[in-house]
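S.K.: Following this message is one structure expressed as structure tokens.
The values are calculated or read from the model by the stated rules, or taken from the named source; none is laboratory data. Computed from a prediction, not measured in an experiment: that's the story for all the values here. Methodologically, a virtual Cβ is constructed for each residue, glycine included, from the backbone with ideal geometry; neighbour enumeration extends over all protein chains shown. Each accessible area value is taken on the protein alone, full model and side chains, heavy atoms only, with ligands, DNA and RNA left out. Shrake-Rupley method; radii C 1.70, N 1.55, O 1.52, S 1.80 Å.
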Amino acid sequence: MLKRICLSLFSFYHFLMICPAQQKTIDQKVDSVMQLMTLEEKIGQMNQYNGDWDATGPITKDGEKQNQIKKGYVGAMLNVSGAGHTRALQEIAMQSRMKIPLLFGQDVIHGYRTIFPIPLAEAASWDMEAIQKSARIGALEAAAAGIHWTFAPMVDIARDPRWGRVMEGAGEDPFLGSLIAAARVKGFQGKGLGNTDAVMACAKHFAGYGAAVGGRDYNSVDMSLWQLHEIYLPPFKAAAAAGAATFMNAFNDLNGIPAAGNKYLQTDILKGRWDFKGFIVSDWGGVGEMINHGYAKNSEEAARLAVNAGCDMDMESRSYINHLANLVKAGKVGMQVIDESVSRILRKKFEMGLFDDPFRFSDTNREKEQWDNQANLVAAKEMAKKSIVLLKNDHLPGQSTPVLPIDRSVKKIALIGPLVKAKSENLGFWSFDWPDDENRIVSLWEGVQKKLGKGATMLYAQGCDITDTSRLGFAAAVATAMLADIVIVSVGERRDMTGEAKSRSDLHLPGVQEKLIQALQATGKPLVVMISAGRPLIFNWTAEHVPAILYTWWLGTKAGDAMADVLFGDYNPSGKLPMSFPLAEGQLPVYYNHFNTGRQAKDDNDRMYRSAYTDLSIYPAFPFGFGLSYTHFSYSDIQLSRSSIRPVDSLRASVTVTNNGKFDGKETVQLYIHDLFASVVRPVKELKGFKQVALKAGEKIRVEFMITAADLRFYNDQLQYIYEPGAFEVFIGTNSRDVLKTAFQLVE
Ligand code: GLC
């Protein structure tokens, strides 16, 4: 037996060496490797272990990972990075009989060495080029550190900010979310797998995870297949179409079937209808958690259900490595099922060039080059500036100009609040801490200091903590404010308050921060509130009483520089909200693309016997697509090239956008449609296009969109993706509420 295996092994490598001329296809190479593998070695490729670093889920105790690597019983690791660390483990893998290289995966969600704004903040930029570049840089830095595979982009549509993972995605809209999903996949994979600066993308969490009941992480999801296809699947489809190398399934059950064991999702839709050629990894322990779901009686059944549903790799639950061999021998799992999964995994390893050179990503020289890449920091600052959303900017009584931007001639500026001097808080969730962060991360205080130099006096008071209820610092804060010409208040969340396993029932500014704002507002000093958070928060008093509000999310390594550029007008804020901001938790879920219902309230005076709360406005605090500018953009003269089109025609919709203000600025002009009557009800608005225009003060421009029948498609009750003739409204405007409207007919 051993002789036969050695001989065949020789012939395999002999085959690889002598055949380069014929450039055997990857599939042929995969087949050749598969033919030589034992069942246990094949199952080993389907097994992923966590490294020695922090886990992102419950750790299963098993100290002999390296022995299993040596036996060829591990296909991939996660939370292992560094050229040296990955090389060391890869060397162990090369001691295995088949010498199949390991894959190293990591959650490089918004940067690796250089941290970019959180993905929800980047989504507020609506700038696909910038978003793609952010992912590109994350890949560049991660690949230089030995990482082959990032568990990103997270593309879950999210309508409920009680769910902490909204920070990780692109918000509530399928159109915007799909564009961003594709941009991130292309950014991570760059010029294609096989380049040593390209990492495999991983579209996650497949699927429906963002619709967890009550916004409670890991909770059940129950929705119609119609809503699944109409709202939650489009970004995944876009990621697959963009060439995502892998998918990750989800912790949640969907309509009673846990995603890890969901054949409809993984095999029927992804691998079947979408013809996905990559592989699917479970989310941490998700295969084993099907026992907790009550879907699998034990780990063996969990392994059988998951692999037969199309889950190719088991992250950290050990269900596959412990049970698949017996299941195959017992005829409960077909060998072809194993071969299908293993071939998908091996194909990616070939595509990554790891069979040619298992150490090609573990290059300490390249790691050093990327370690302090100044161009990456410049890009991070640019992305951060574009992510900031101006929510309010009023004049003070008797003032001719609004509070922002702050004039550089200001003499005394007070910066007050628990986040003024924060450093690593700016990195947000899913980021990495490095020993030199104190020097690399720019706080708000430092950003303003650099901006003003010696020209102005900066005063500081913490005022309060982020979550603590003590008001002992208020007096000093008020006294500090009284000495200043203008007061900047920096409040929000700690970076660990929004993210995985961070669902919250109370979305108000934590602690006594809004009380601090009230105390400072009472001084009568011009006030600017900057809110740094990973999700939409509720701050109604502030929104009503404070003249200027910037939503600064978590902006990453160059946070302070970006905030200072915006505060002093060196960058005119252009961000637009990718999620609706609620007035109250009781209003959730609130989103713009809702149905009209049979009793839609026209406004807040029309709530009797309407689909409305008697004790709350029908509107969110800030609607999807909302974001102001230091200048003012007006919209006029909306036109359509025709009043009706046939399916073969295209329709030009246009509007004039004028910069009426004193500042040059960038505006994201948004186009929505409403299908007035159809075989299933349609949302009152659906984003179908947007264009970013840069206008100098006083300039105007004609902005045009082309609409075709394809843009009007939706899933009917048979799940056919179709358009239907009928009446449509077209809206073009500065957000999903403030729009101009016109109409057209789609005729047979
Ligand atoms: C976590 C997350 C998933 C992440 C994985 C590996 O639990 O749900 O998004 O990629 O584990 O860290």
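S.K.: Determine the per residue accessible area of region 633-746 with all protein chains present and a 1.4 angstrom probe, expressed in square angstrom. Could you put the intermediate results ahead of the total?
M.R.: Working: 5050 Å² over 114 residues.
Ligands and nucleic acids excluded, the result is 44 Å² per residue.
S.K.: Ranking request for peptides 613-619, 132-138, 324-330: highest mean number of other beta-carbon atoms within 10 Å first, then the rest in descending order.
M.R.: Values: 613-619: 13.0, 132-138: 24.6, 324-330: 17.1.
In decreasing order of mean packing, 613-619, 132-138, 324-330 become 132-138, 324-330, 613-619.
S.K.: Taking the Cα centre of each part, how many Å lie between region 328-377 and region 663-697?
M.R.: Cα centroid of region 328-377 versus Cα centroid of region 663-697: 41 Å apart.
S.K.: Label Lys691 and Lys297 with points 7 Å out from Cα along Cα→Cβ: what is the distance between them in nm?
M.R.: 6.3
S.K.: Between Asp603 and Leu483, 0.36 nm times their residue separation minus their Cα-Cα distance comes to what? The partial results should precede the final answer.
M.R.: Numbers: separation 120, 0.36 × 120 = 43.20 nm, distance 4.37 nm.
Between Asp603 and Leu483, full extension yields an extra 38.8 nm.
S.K.: As an exercise, use a Förster radius of 56 Å and the Cβ-Cβ distance of Thr469 and Gln28 to find the FRET efficiency, rounded to the nearest 0.05. Let's see the in-between values first.
M.R.: Values: r = 67 Å, r/R0 = 1.19.
Step by step, r from the Cβ atoms, then E = 0.25.
S.K.: Take every Cα-Cα distance within region 451-493, group them into 10 Å bins from 0 onward, and report for each bin the whole-number percent of pairs it holds.
M.R.: Distribution as computed: 24, 49, 22, 4 percent.
S.K.: From the phi angles alone, apply the Karplus equation (6.51, -1.76, 1.60; θ = phi - 60°) to region 94-99 and give each ³J(HN,Hα) in whole Hz, x where the residue is Gly or Pro.
M.R.: Going residue by residue, I get 6, 8, 6, 4, 8, 6 Hz, with x marking Gly and Pro.
S.K.: Quick check: at a probe of 1.4 Å, how many percent of the accessible area of region 198-333 sits on carbon and sulfur atoms? Spell out each step's value before the answer.
M.R.: Numbers: 1980 of 4040 Å².
Carbon-and-sulfur percentage of accessible area, whole number: 49.
S.K.: On to the next question. Stretch Asp637-Asp275 to full length: gain in nm at 0.36 nm per residue minus the Cα-Cα span? Walk me through the intermediate numbers first.
M.R.: Values: separation 362, 0.36 × 362 = 130.32 nm, distance 4.46 nm.
Going from the current span to full extension adds 125.9 nm.
S.K.: Taking the highest mean first, how do the peptides 719-725, 296-302, 622-628, 263-269 order by number of other beta carbon atoms within 10 angstrom per residue? Can you show the working numbers first?
M.R.: Working: 719-725: 14.1, 296-302: 18.6, 622-628: 24.0, 263-269: 20.1.
Listed from highest to lowest mean packing, they are 622-628, 263-269, 296-302, 719-725.
S.K.: Another question, then. Give or take rounding to whole Å, what are the principal axis extents of the alpha carbon atoms in the chain, in descending order?
M.R.: 93, 66, 50
S.K.: Something else about it: Could you check the spin-label model distance between Asn365 and Ala241? Points 7 Å from the Cα along Cα→Cβ, value in nm.
M.R.: With each label point 7 Å from Cα toward Cβ, the separation is 4.2 nm.
S.K.: Another question, if that's okay. Run lengths n ≥ 4 of DSSP H only: what is the helix-derived mean residue ellipticity at 222 nm for the chain, with -39500 (n - 2.57) per run over all residues, to the nearest 500? It would help to have the intermediate numbers written out before the result.
M.R.: Working: 21 runs with 209 residues, N = 748.
Mean residue ellipticity at 222 nm (helix-derived): -8000 deg cm²/dmol.
S.K.: Turning to a different aspect of this structure: Applying the Karplus parametrisation 6.51 cos²θ - 1.76 cosθ + 1.60 with θ = phi - 60° to the phi angles of region 730-735, what ³J(HN,Hα) value in whole Hz is obtained for each residue in order, glycine and proline being reported as x?
M.R.: Per residue, the Karplus-derived 3J(HN,Hα) values read 10, 10, 10, x, 8, 6 Hz.
S.K.: Hey, what D do you get for region 401-587 in µm²/s if you plug the Kirkwood alpha-carbon radius into Stokes-Einstein at 25 °C and 0.890 mPa s?
M.R.: Working: Rh = 16.7 Å.
Using the Kirkwood radius from Cα pairs, D works out to 147 µm²/s.
S.K.: Where the convex hull is taken over the Cα atoms of region 666-721, what is its projected area averaged over directions, in nm²? Before the final figure, lay out the partial values.
M.R.: Working: hull surface 19.2 nm².
Answer in nm², one decimal: 4.8.
S.K.: Which entries of Lys204/Lys329; Lys691/Lys741; Lys133/Lys454; Lys29/Lys186 have Cα-Cα distances beyond 24 Å here? Show your work: numbers first, answer last.
M.R.: Numbers: Lys204/Lys329 32 Å; Lys691/Lys741 17 Å; Lys133/Lys454 35 Å; Lys29/Lys186 26 Å.
Long pairs (Cα-Cα over 24 Å): Lys204/Lys329; Lys133/Lys454; Lys29/Lys186.
S.K.: Could you order the peptides 473-480, 592-599, 444-451, 315-322 from most to least packed, using the average number of other C-beta atoms within 10 Å per residue? Don't skip to the end; give the middle numbers.
M.R.: On the way: 473-480: 18.0, 592-599: 14.8, 444-451: 19.5, 315-322: 25.1.
The peptides rank, most packed first, as 315-322, 444-451, 473-480, 592-599.
S.K.: Okay, moving on. Modelling each spin label as a point 7 Å along the Cα-to-Cβ direction, I'd like the Ser654/His508 distance in nm, to one decimal.
M.R.: A separation of 5.1 nm, rounded to one decimal place.
S.K.: Of the accessible area of region 401-587, with the probe set at 1.4 angstrom, what percent is carbon plus sulfur?
M.R.: On the way: 3130 of 6080 Å².
Here carbon and sulfur together make up 51 percent of the probe-accessible area.
S.K.: Set the Förster distance to 25 Å, then compute FRET efficiency between Thr38 and Glu340 from the Cβ-Cβ distance, nearest 0.05. Don't jump to the answer; show the numbers that get you there.
M.R.: Working: r = 17 Å, r/R0 = 0.69.
For R0 = 25 Å, the calculated efficiency reads 0.90.
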